[in-house]
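Note sheet for the following structure.
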Amino acid sequence: MANFQPYLQSPLVNFNLPAQTVPADASQKVRANELPLLGYIVLRGELADAAVAQAITKATGLAVPAASRFSSGEAGVLIWQSPDECLLVTARAAVPALLAACADAFAGLFAQAVDNSGGLTTVYLSGVEHVTLLRHLGVYDFESVEAGDAVSTVLGKAGALVCRVDGDGVFLVIRRSFADYLWLLITKAAIPYRFAVAKLPSAGKSPFLRLVDAGSPAKRPVAA
Amino acid sequence: MFQIHCPHCGATREEEEFSYAGEAYIARPAKPEEATEAEWGDYLFMRKNTRGWFWEQWQHTAGCRKVFAVKRNTVSYEIAGTWTLAEGKELYLKESEA
Ligand SMILES: [Zn+2]
């Protein structure tokens with residue numbers, strides 16, 4: 001066992017996205033790329049309960065979002081999933097400290113924080129036809145997704161969270177086990193739109209893109 | 001194909017996001033140890049299979065993953081309303097008394 005060296009791999013590692021990545025340009029009507037190896041923490045607890053909501057805000061510094069919305073800030077993005085569940089998307093390196101902060105803040109409450117970083121990944125879908133592409137993939141009325149919305153729906157046969165920060169594109173939070181299927185589905189459906197695996201835009205103030213820069217390298221060894 | 005209003009998300013979504021979860025408000029025998037085999041059989045297997053208005057459960061599997069109550073017409077597929085299980089139960093009980 002001494003030789004066992006665990007390491008992190010994106011669920012899309014076999015597509016070798018870093019090697020395929022090209023600069024973004026206007027001719028690409030649909031672009032996609034992965035935000036690999038972010039941190040994902042599931043927060044359970046009755047959000048309508050003021051004590052739970054305050055504890056979440058205390059631990060994460062983020063406001064509890066309204067139904068089908070997300071809030072964002074220093075710690076990352078807090079996505080509404082259900083009346084008693086939120087998903088915190090954060091930098092991978094920030095997970096242990098946030099889990100500890102949640103455990104502290106949730107003491108005595110019927111609430112829990114669970115690390116699900118191994119279970120999810122995020123894909124950024126952009127380009128002028130990205131909404132058209134979503135319409136190929138799912139039945140939701142994707143034109144109506146506004147900035148700040150986080151819609152949990154079906155793309156093809158797999159569930160996905162569709163989060164819009166601005167008009168340029170959407171962030172798809174998807175399950176690890178379906179990442180392969182969804183990536184193939186997206187890339188195939190996007191062929192007519194001059195699809196490209198494009199370099200992610202510079203993070204700026206984007207609450208999602210910032211997390212990549214904040215320490216989620218494609219392959220970072222895990223200390224034993 | 002129809003649309004269902006999820007009382008938890010507060011949104012009307014496509015049927016594709018939901019899973020059917022059977023007849024609503026089936027009461028488990030109050031004293032399981034004393035229930036006869038016939039009562040257990042009734043609880044486990046017998047369903048109303050109504051032609052017309054029917055109280056059933058749907059789960060918002062692709063959304064909030066909550067189960068809720070739907071009153072649906074099994075002939076016309078018309079939906080009279082959707083409620084959380086607790087809210088729906090009051091209406092259901094009122095209707096069953098009438
Ligand atoms: Zn729902």
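Some observations on this one:
- Between the alpha-carbon centres of the range A:67-92 and the range B:2-65 there is a gap of 30 Å.
- Per-residue ellipticity at 222 nm from helix content only, as computed over chain B with -39500 (n - 2.57) for each DSSP H run of at least four residues, stands at -7000 deg cm²/dmol.
- Estimated vicinal HN-Hα couplings, Hz - the range A:149-154 in sequence order (Karplus 6.51, -1.76, 1.60; Gly, Pro = x): 7, 10, 9, 9, 8, 10
- For the residue pairs B:Lys66/B:Lys89; B:Lys66/B:Lys94; A:Lys157/B:Lys71, the C-alpha atoms sit more than 19 angstrom apart in B:Lys66/B:Lys94; A:Lys157/B:Lys71.
- Accessible carbon and sulfur surface of the protein assembly as shown relative to its total accessible area, %, 1.4 Å: 54
- Other-chain or far-sequence residues with amide H under 5 Å of A:Gly156's (modelled H): A:Gly138
- Buried solvent-accessible surface, both chains (B, A), 1.4 Å probe, Å² to nearest 100: 1100
- The alpha carbon gyration tensor of the range A:52-209 gives principal lengths a ≥ b ≥ c with a/c of 1.5 or higher and a/b greater than b/c, which makes the shape prolate.
- Per residue, the average separation of C-alpha pairs within less than 8 Å and at least 6 apart gives chain A a relative contact order of 30 percent.
- Calculated FRET value between A:Gln5 and A:Arg135, using beta carbons and R₀ = 51 Å, to 0.05: 0.70
- For the range A:117-188, the set of trypsin sites (Lys or Arg not before Pro) satisfying both a DSSP loop assignment and a count of at most 15 other C-beta atoms within 10 Å is given as A:Lys157.
- Chymotrypsin sites (Phe, Trp or Tyr not before Pro), loop per DSSP, at most 14 other Cβ atoms within 10 Å - longest free stretch of chain A: A:111-224
- When the chymotrypsin sites (Phe, Trp or Tyr not before Pro) in the range B:17-93 are filtered for DSSP coil states and for at most 14 other beta-carbon atoms within 10 Å of their beta-carbon, the remaining sites are B:Tyr25, B:Tyr77.
- Sorting the Cα pairs of the protein assembly as shown by distance into bins of 10 Å, from 0 upward, gives 5, 23, 28, 22, 14, 6, 1, 0 percent per bin.
- GluC sites (Glu not before Pro), loop per DSSP, at most 13 other Cβ atoms within 10 Å - longest free stretch of chain A: A:147-224
- Selection of GluC sites (Glu not before Pro), the range B:1-80, meeting DSSP coil and at most 15 other Cβ within 10 Å: B:Glu78
The values are calculated or read from the model by the stated rules, or taken from the named source; none is laboratory data. All values reported here derive from a predicted model rather than from experimental measurement. For neighbour counting, all protein chains shown are included, and Cβ atoms are generated from backbone atoms with ideal geometry for every residue, glycine included. To get the accessible areas, we keep the full protein, side chains included, count just its heavy atoms, and leave off ligands, DNA and RNA. Shrake-Rupley method; radii C 1.70, N 1.55, O 1.52, S 1.80 Å.
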